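Accompanying notes for the structure given below.
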Amino acid sequence: MSASRYDLRVYPGFRAITILCLVILYAPLLVVTIYSFNASPSITNWEGVSLRWYADVFTGPESGKFKLAARNSFVIAIIAASVATCIATLSATAILRAGKYKLRMLSFGLISLPLMVPEIVTAVATLIFFNAIGFDRGLLTILLAHIAFCIPFAYLPIAARMQGIEATYEQAAMDLYATRRQAFTRILLPLMAPGIVSGFLLAFIVSLDDFIITNFVKGAGIETLPTAIFGAVKQGIKPNIMAISTMLLGVSVVMVTLSWLISRKDKTK
Amino acid sequence: MAGGAATGGSSTSDTYAEARTWLLLPAWVTLGILVLAPVTMMLIYSFLTKEFRGGVIWEFSLSAYDQFFFDRGLFGDDPPRIEWTYIQIFWRSIWQAGAATLLSLVIGFPTAYFIATRAPAQRTFWLFLVTIPYWVNLLIRTVSMKFLLRDQGPLNEALLGIGIISEPLSIVNTNVAVQLGLFYSYLPFMVLPIYAAVERYNFTLSEAAADLYASRWTVLRRILLPSVKPGIIAGCILVFVPSMGSFLAPDLLGGAKNFMIGSLIEEQFKGNAGNWPFGAAASMILLTLVLIILLIFARQQSKAES
Amino acid sequence: MKKLMTTTAAALALTAGMAAAEGKLVVYHWFEYIPQEVLDKFREQHDVEVVMDTYDSNEALLASLKAGAIGTYDVAVPGDYMVQIMAGEGLLDTIKDGELANKGNILPQWADPSFDPGRAHSIPYQWGSTSFAVNRDVFDGDINTTDILFNPPADLSGKINMLDSQGEVMAMAALHMGIPQCSTDRDQLKALNDMLQEAKVHWASFNSDTAKEVLVSGDAAVGQIYDGFAAKAREEGANTEYAFPTQGYIVWMDNVVLLKDAPNRDNALKFMDFLLEPENIAAVTNYARYVSGVDGVAPFLDPALATQPESNPPATAGEGVFIQVCDQATQEVYDQIWTNLKK
């Protein structure tokens with residue numbers, strides 16, 4: 001009914017709260033950005049504009065380490081989030097669209113387990129476990145551990161989405177002689193897209209930010225950004241970490257702007 | 001059932017019943033080996049004798065649970081009384097995590113709704129906008145947050161400047177700071193699942209209700225919220241549960257004068273104490289507690305549904 | 001997806017397969033505690049590839065080694081009390097007589113420390129002190145007393161940051177009360193428990209990660225802190241002074257230890273010898289801003305280090321003491337006191 005007295009989709013105040021939400025999210029990052037240009041080695045006393053910390057990131061004694069750490073972090077986060085999202089999507093289908101059966105609730109419990117156990121416990125236990133089965137620690141052990149604890153973060157948004165999709169769509173398709181596989185890939189998956197994107201993004205930031213588990217399961221000589229940063233903080237928080245963070249932000253902002261421009265272009269077509 | 005809370009039984013179909021073994025296999029293999037096995041090991045550890053300075057001796061012992069529930073004085077030889085210390089720590093954590101979850105919901109729901117009602121092509125952009133801050137390390141974000149909130153920090157100066165307050169607010173090193181820290185650590189975990197659910201919401205339902213003279217807010221309460229409940233529940237779980245075990249942000253912002261569950265357990269594995277069985281026992285109690293909370297939640301929900 | 005997997009697998013393989021040198025040395029170290037030039041120099045001199053892994057606390061080092069990481073590393077750099085604990089746990093290998101050519105370079109006062117008699121497992125790396133710094137804009141009275149932390153004047157109450165570390169807080173409290181660090185006297189322990197409960201009222205926070213930042217920003221007027229951090233806080237513009245209490249202060253020393261089952265034991269010994277050469281260890285000192293335990297470093301040191309007030313205790317300063325390692329029964333009481341403090 002377009003003749004409604006008001007636009008039903010709009011709730012007064014929601015826009016304001018969204019803006020507040022973004023302000024809360026970005027205000028600390030503004031501090032990070034500003035202090036990355038600080039001439040002083042302090043992160044709280046402003047002494048004028050300087051690019052020394054950016055120079056430090058590229059040419060300083062630790063530059064190689066940070067570069068490698070950043071690469072490790074991103075490679076691991078992308079793979080771990082992708083694999084976790086795949087596993088989560090399959091599991092959600094099995095739990096929500098495959099009837100009622102004994103293992104169903106148990107499976108859900110298993111999937112949420114990494115959420116419920118404090119990270120330090122998983123960390124110590126996983127390290128002992130890897131050692132017990134004689135698994136050498138390295139990038140692979142980090143990756144495996146990340147996949148495991150990313151699964152619930154991918155699963156919950158995906159499952160929440162799947163519950164909003166009526167089973168009738170796929171049934172209709174199958175009534176029209178679509179195979180089960182086709183119903184899944186052609187009907188269910190496209191409808192699931194926003195849930196899958198949400199799940200992937202959450203898994204990605206969880207992996208990218210993990211310190212405790214990574215610190216225990218990483219092999220000698222392998223750093224990720226969080227382990228490098230936590231380690232560096234031991235000698236005092238220096239603005240070079242702020243510079244690294246700002247550059248990370250810069251890269252991500254460029255990527256987002258690109259994605260926005262592309263989506264705009266699609267729309268105008 | 002615990003599962004019901006997040007998966008809501010009502011929409012279950014059996015379309016893929018035949019394939020369910022294959023669909024579940026990857027999750028069982030990955031989590032069975034990488035999570036279930038280590039957690040089972042920790043369960044066993046919680047019933048073993050502690051080795052001084054970390055590690056366990058393979059002898060059955062209940063002393064970890066005894067330490068949790070009974071107070072035997074400073075020197076361990078008083079007659080046992082009920083130990084409130086750890087119960088207090090657990091209660092504090094539940095309370096703080098609950099407050100943080102509520103705060104995330106109040107801010108997160110409108111944000112998720114707002115994003116879901118943007119033009120389809122723009123939604124991914126908004127999602128990125130919400131998650132990008134989390135590309136920056138938690139420690140750095142939290143330290144900056146602390147800088148903003150400090151007594152002479154920008155927030156207080158701004159509020160003083162426009163005359164809302166006449167004395168600087170002392171936020172850092174208080175419970176409020178702990179809650180803000182948790183809220184800030186997990187905000188997108190509330191927004192994204194709700195977004196995924198609202199995006200699917202059928203607005204003709206709202207229109208139908210409005211045609212029956214339901215007010216905007218009645219529509220929100222009676223129609224929109226119930227139909228996106230799975231998303232809200234998923235979001236609450238994703239904020240509440242990790243908040244219970246988290247310690248970095250609350251410690252940095254809250255001053256760490258009082259243990260949270262996370263720091264208590266961390267201390268058993270990494271601190272001077274080095275009491276692995278006790279750390280394991282506290283984790284198992286936490287696990288049980290979270291399961292019970294989810295169960296109560298789920299039971300009430302299924303009652304409400306039927 | 002498949003394509004993504006193969007590309008990333010290639011990336012992983014690339015990272016893993018670094019250039020191979022003649023020998024290898026696996027160092028377990030604090031982050032940013034050794035300059036890259038020193039590692040490069042060692043690699044060139046001995047044609048040994050150096051692999052570094054890092055940890056963030058002595059306790060994390062111990063937990064990781066005990067959880068099974070022993071046997072993958074050659075050397076680590078634990079603090080004084082941790083050397084003793086690790087030796088007690090059987091995690092250290094013994095350096096036999098004559099295996100270190102430069103052992104004679106160790107300064108006499110560090111050649112036979114209480115935590116490692118006869119330097120059987122370790123060599124000195126860097127040392128310094130832990131005390132506290134006071135903001136002179138807030139308080140201008142006498143600061144060389146532990147009362148500042150545990151029984152502060154009204155000006156400082158509620159503005160104190162303590163290190164979030166049981167060892168450092170308890171050792172300082174023992175100095176304040178004039179009792180042994182590992183007391184077994186029940187009255188002393190009860191008094192310690194009560195004293196800490198009262199002192200806590202005056203404390204704003206426990207924080208180690210930002211111990212320096214809270215002083216520089218002025219959020220804390222007093223901060224328990226390491227000497228090197230106090231110097232940095234001062235250099236960053238805080239009007240702070242580092243105290244050397246008459247009751248005494250904590251001395252710490254990090255040491256390079258030879259780990260048990262070291263896969264490259266010979267290279268580990270070469271590395272230790274290398275770090276006992278004055279020029280090399282002086283480069284570490286110039287980088288980390290602490291003090292080495294090796295004779296003859298003076299000509300290689302940054303002159304500013306010699307006059308740094310944080311490294312030069314006044315005549316009134318009490319004795320510097322190491323954190324002591326208590327036996328199990330005693331430690332359990334201290335753990336209980338710590339839990340009481342933070343419950």
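Label positions at B:Asp66 and B:Arg299, each projected 7 Å from the Cα along the C-beta direction, are separated by 3.3 nm.
The A-C contact accounts for approximately 3500 Å² of buried accessible area, totalled over both chains at a 1.4 Å probe radius.
Anisotropy class assigned to the protein assembly as shown is prolate, per the alpha carbon gyration tensor with a/c at or over the 1.5 cut-off and a/b larger than b/c.
Taking a point 7 angstrom from the Cα of A:Leu22 along the C-beta vector, which residues in the range A:243-259 have backbone N less than 18 Å away? So the set is A:249-259. Of all aspartates and glutamates in the structure, the ones whose alpha carbon falls short of 15 Å from that of A:Lys65, not counting any fewer than 8 places away in one chain, are A:Asp56, A:Glu223, C:Glu32, C:Glu37, C:Asp40, C:Asp53. In this structure the range A:127-222 gives 35 Å² per residue of accessible area when probed at 1.4 Å with all protein chains present. Per residue, chain A reaches -24000 deg cm²/dmol at 222 nm when only DSSP H runs of four or more residues are counted, each adding -39500 (n - 2.57). For the range A:167-264, chymotrypsin sites (Phe, Trp or Tyr not before Pro) meeting the loop criterion (DSSP other than H, G, I, E, B) and having at most 14 other Cβ atoms within 10 Å: A:Tyr177. Roughly how tilted is helix C:36-46, in degrees to the nearest 10 and between 0 and 90, from the longest Cα axis of chain C? The angle comes out at about 40 degrees. For a 4.7 Å threshold on C-beta separation, the list of partnerless cysteines in the protein assembly as shown reads A:Cys21, A:Cys86, A:Cys150, B:Cys236.
Charged side chains reduced to their Cβ positions (Lys and Arg at +1, Asp and Glu at -1) give the protein assembly as shown a dipole of some 5180 debye around its Cα centre.
Here chain B is treated with +1 on each Lys and Arg Cβ and -1 on each Asp and Glu Cβ, and its dipole about the Cα centre works out to around 620 debye.
Between chain B and chain A, roughly 10800 Å² of accessible surface gets buried, counting both sides and using a 1.4 Å probe. Ordering B:Ser46, B:Leu62, B:Ala210 by the projection of their Cα atoms onto the charge dipole of chain B, which places +1 on the Cβ of Lys and Arg and -1 on the Cβ of Asp and Glu, puts B:Ala210 at the extreme positive end. Rounded to the nearest Hz, the phi-derived 3J(HN,Hα) couplings of the range C:129-140 under the Karplus curve 6.51 cos²θ - 1.76 cosθ + 1.60 (θ = phi - 60°) are 10, 10, 8, 8, 10, 10, 6, 6, 6, 8, 9, 10, where x marks glycine and proline. Take every Cα pair under 8 Å whose residues are at least 6 apart in sequence, average their separation, divide by the length of chain B, and the relative contact order is 30 percent. Placing R0 at 35 angstrom, the Cβ-Cβ distance between B:Ala37 and A:Tyr169 gives a FRET efficiency of 0.35 after rounding to 0.05. The figure for C:Asp56 is an accessible area of roughly 30 square angstrom, using a 1.4 Å probe on the protein chains alone. C:His176 contributes an accessible area of around 40 Å² to the protein surface, as traced by a 1.4 Å probe with all chains present. With R₀ fixed at 30 Å, the C-beta to C-beta distance from C:Asp97 to C:Glu44 puts the FRET efficiency at about 0.55. Computed with every protein chain present, the accessible area of C:Asp47 is close to 80 Å² [probe 1.4 Å].
In the range C:63-89, burial by the other protein chains removes 10 Å² or more of 1.4 Å probe accessible surface, compared with the chain on its own, from C:Ala63, C:Ser64, C:Lys66, C:Ala67, C:Gly68, C:Ala69, C:Thr72, C:Tyr73, C:Ile85, C:Glu89.
On a per residue basis, chain C carries 37 Å² of accessible surface, using protein heavy atoms and a 1.4 Å probe.
Overall, the accessible surface of the protein assembly as shown at a probe of 1.4 angstrom is composed of carbon and sulfur to the extent of 61 percent. Quote the FRET efficiency, to the nearest 0.05, computed for B:Leu159 versus A:Thr179 with a Förster distance R0 of 60 Å and r equal to the Cβ-Cβ distance. Approximately 0.45, to the nearest 0.05. In sequence order, the range A:121-133 has phi-based couplings of 5, 4, 4, 5, 4, 5, 4, 4, 5, 4, 5, 5, 8 Hz under the Karplus curve 6.51 cos²θ - 1.76 cosθ + 1.60, θ = phi - 60°, and Gly or Pro positions carry x. Taking amide H atoms as placed 1.01 Å from N in the peptide plane, the amide H of C:Val321 lies under 5 Å from those of C:Tyr249, C:Ile250, C:Val251, each 5 or more residues away in sequence or on another chain. Between A:Asn38, A:Leu225, A:Leu188, the Cα set farthest toward the positive side of the dipole of chain A (charges on each charged residue's Cβ, about the Cα centre) is that of A:Leu188. Taken about its Cα centre, the range A:54-265 carries a charge dipole of roughly 380 debye when the Cβ of each Lys and Arg holds +1 and the Cβ of each Asp and Glu holds -1.
Scattering from chain C was approximated by placing one identical point on each alpha carbon and applying the Debye formula without solvent; log10 I(q)/I(0) at 0.16 1/Å stands at -1.40.
Remark: for residue pairs C:Lys190/C:Lys343; C:Lys232/C:Lys342; B:Lys257/C:Lys200; B:Lys50/C:Lys66, the C-alpha separation exceeds 19 Å in C:Lys232/C:Lys342. Scalar couplings 3J(HN,Hα) for the range A:26-37, obtained by applying the Karplus form with A = 6.51, B = -1.76, C = 1.60 to θ = phi - 60°, are 9, 4, x, 6, 4, 4, 4, 5, 4, 6, 6, 9 Hz; x denotes Gly and Pro. Applying 0.36 nm per residue to the separation of B:Ile44 and B:Ile292 and subtracting their alpha-carbon distance, the gain on full extension is 87.2 nm. Considering only B:Leu252, B:Phe240, B:Leu294, and ranking their Cα positions along the charge dipole of the range B:84-305 that arises from unit charges at the beta-carbon of Lys, Arg, Asp and Glu, the one farthest toward the positive end is B:Leu294. For the range B:184-261 and the range C:26-74, compute the distance between their C-alpha centroids and round to whole Å. Centre-to-centre distance over Cα atoms comes out at 45 Å. For the range B:84-305, the solvent-accessible area works out to 35 Å² per residue, with a probe of 1.4 Å and every protein chain left in place.
Estimated at 0.36 nm per residue, the fully extended path between C:Gln109 and C:Arg136 surpasses their Cα-Cα distance by 6.3 nm.
The values are calculated or read from the model by the stated rules, or taken from the named source; none is laboratory data. This one's a predicted model, so the numbers in the text were calculated from it and none came from an experiment. Using ideal geometry, Cβ is built from the backbone for each residue, glycine included, and neighbour counts are taken over all protein chains shown. The area values use the complete protein model at the heavy-atom level, side chains included, leaving out ligands, DNA and RNA. Shrake-Rupley method; radii C 1.70, N 1.55, O 1.52, S 1.80 Å.
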